[in-house]
Amino acid sequence: MNIHEYQAKEVLARYGVPVPQGIPCDTPAQCRQAFSDLGGGLAVVKAQIHAGGRGKAGGVKLVRSAEEAEKVAQDLIGKTLVTPQTGPEGRVVRKLYVTQGADIAREMYLAVAMDRTARAPVVIAAAEGGVDIEQLAHDKPEALLRVAVHPVKGILPNQIRRICFHLGLKGNEMKSGAKVLQGLMDAFMATDASLAEINPLITTKGGDVMALDAKFSFDDNALFRHKDIAAYRDINEEDPKEVEAKKFDLNYIALSGNIGCMVNGAGLAMATMDVIQQKGGSPANFLDVGGGANKQQVTNAFKILLSDANVKGILVNIFGGIMKCDTIAEGVIAAAREVKLSVPLVVRLEGTNVDLGRKLLQESKLDLQTAVSLDEAAEKIVKAAGAHR
């Protein structure tokens, strides 16, 4: 789960990380009042969407008066921002964040992320930060320091010093930077985050170190332990199909292809998508219905797949273990009839009661194809989807 910048800064502040004062706003009038409440002078109006690159897309504006803050808000609220992280469809701006202007001396980059290779949290630091951090990582990978942190012992004093030296911090800045790093690490571990990022981390001309922008992603599986974090969820920033799938305990991730996939088991789902790709097709989603799906879940899964206008065919690939093949076949038949299936459907079943499941499909008189192997199923659905208009 991702959260907005203003929420990420609230999390950081709880763990002692200095952040500029700011006020989230929903209307231009609120932005006008926020500018005054922050003391006037210089402020920044920032679009709140779950994507980076807002500044280059016109979603971050400096303002020097309450009237200017209101005018900028009028232009931004309801606007669709397109950034490299939103895709071509962009994201609609529904909320703004007005923050105090900062006296920036230098910008840096600091983050903590889970690293599967290291099997531990890894701190990533660069003495250069800001909007071009991705380009820096591409052009000068040696500029990014990566330090693996022990998941139990936490970050050690010598690691903190090494990171601060890499960031070019000295004297009082070193002390402030160490406090920020420790706070970021504490927030990451305590909230079961998968990513905690400060970009940019800045030094001010007064020698302070603070988080000028922040981003957090959290492990969905741990949200039951963090009701306060779960409350930050903004479903307006999520794919409606993914939101719907969560209601029915379905693991769904939207992709950009045209072949809908319904599979049980994450590994089998990944293999199914790979084989579709190998056969010249493109998967429209990852959908794992789980090992114990019932007829209603299968029906709901079909509805979610068909709600994607890009889907030109559906491949059902089920290995019957806990969930028997005849049960899946009954669910597929019921779902296809209820939703009035309008695209080609290929079903491949294997496992417990497979013969009975295949018999039920063949006797259903539905317009579908069956397959014995995954290769055969992928070839059939790629061909059928390509022919469907």
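Read-outs throughout are calculated quantities, based only on the coordinates presented, and are distinct from any laboratory measurement. Just so you know, these numbers come straight off a predicted model, no measurement behind them. Don't worry about glycine lacking a Cβ; one is built from the backbone with ideal geometry, like all the others, and counts go over all protein chains shown.
Write down the Å³ per residue value for the convex hull defined by the alpha carbon atoms of region 42-92.
Roughly 60 Å³ of hull volume per residue.
What are the residues whose amide H is under 5 Å from the amide H of S65, where those residues sit 5 or more places off or on another chain and H is modelled from the backbone?
The list, which skips near neighbours in sequence, is empty: none.
What fraction, in whole percent, of alpha-carbon pairs in region 146-191 exceed 16 Å separation?
The answer is 33 percent, as a whole percent.
Give the percent of DSSP beta bridges with both residues in the chain that are antiparallel, rounded to the nearest 5.
In the chain, approximately 75 percent of DSSP beta bridges are antiparallel ones.
Using the Karplus equation 6.51 cos²θ - 1.76 cosθ + 1.60 (θ = phi - 60°), what ³J(HN,Hα) coupling, rounded to whole Hz, does each residue of region 92-99 give in order, writing x for Gly and Pro?
3J(HN,Hα) across region 92-99, in whole Hz: 7, 7, 10, 9, 10, 10, 9, 10.
With a Förster radius of 45 Å, plug the Cβ-Cβ distance of A13 and K303 into 1/(1 + (r/R0)^6) and report the FRET value to the nearest 0.05.
Here the calculated transfer efficiency is 0.60.
Over 31 Å between C-alpha atoms is what I'm after, so list which of K95/K241; K71/K215; K95/K312; K179/K241 land there.
Working: K95/K241 22 Å; K71/K215 27 Å; K95/K312 35 Å; K179/K241 41 Å.
Checking Cα-Cα distances, K95/K312; K179/K241 exceed 31 Å.
Is there a quick way to get the dipole size of region 239-387? I mean about its Cα centre, with the Cβ of Lys and Arg at +1 and of Asp and Glu at -1; what is the value in debye to the nearest 20? Don't jump to the answer; show the numbers that get you there.
Working: 16 positive and 17 negative charges, 65 e Å.
Value, rounded to 20: 320 debye.
Can you give the charge dipole size of region 36-182 about its Cα centre, rounded to the nearest 20 debye, using +1 on the beta carbon of Lys and Arg and -1 on the beta carbon of Asp and Glu?
In debye, rounded to 20, region 36-182 gives about 560.
Kirkwood hydrodynamic radius for the chain: how many Å is it when counted over pairs of different Cα atoms?
Result for the chain, one decimal place: 23.6 Å.
Suppose each label sits 7 Å from its Cα in the direction of the beta carbon; what would the E244-A334 distance come out to in nanometres?
Between E244 and A334, the label points sit 1.9 nm apart.
Find me the longest stretch of the chain that has none of the exposed GluC sites (Glu not before Pro), where exposed means in a DSSP loop (not H, G, I, E or B) with at most 16 other Cβ atoms within 10 Å.
By the stated rule (loop sites, at most 16 other Cβ atoms within 10 Å), 239-389.
Rg to Rh for region 19-128: what is it, with Cα atoms only and Rh by Kirkwood?
Over the Cα atoms of region 19-128, Rg/Rh equals 1.06.
Tell me, what is the Rg over Rh of region 239-387, with Rh the Kirkwood radius over Cα pairs?
Radius of gyration relative to Kirkwood radius: 0.91.
Most exposed first by the Cβ proxy, i.e. fewest other Cβ within 10 Å, how do S217, S373 rank?
The fewest-first ordering by Cβ neighbours comes to S373, S217.
Can you list the lysines whose alpha carbon is less than 21 Å from that of K246, not counting same-chain residues fewer than 8 positions off?
K227, K295, K303
Suppose R0 equals 30 Å; then what is the FRET efficiency for E363 and S256 from their Cβ-Cβ distance, rounded to the nearest 0.05?
Numbers: r = 36 Å, r/R0 = 1.21.
After rounding to 0.05, the efficiency reads 0.25.
List H138, H50 from most exposed to least, where exposure is judged by having the fewest other Cβ atoms within 10 Å.
H138, H50
Among K241, K140, what is the fewest-to-most ranking by other Cβ atoms within 10 Å?
So the ranking, lowest neighbour count to highest, is K140, K241.
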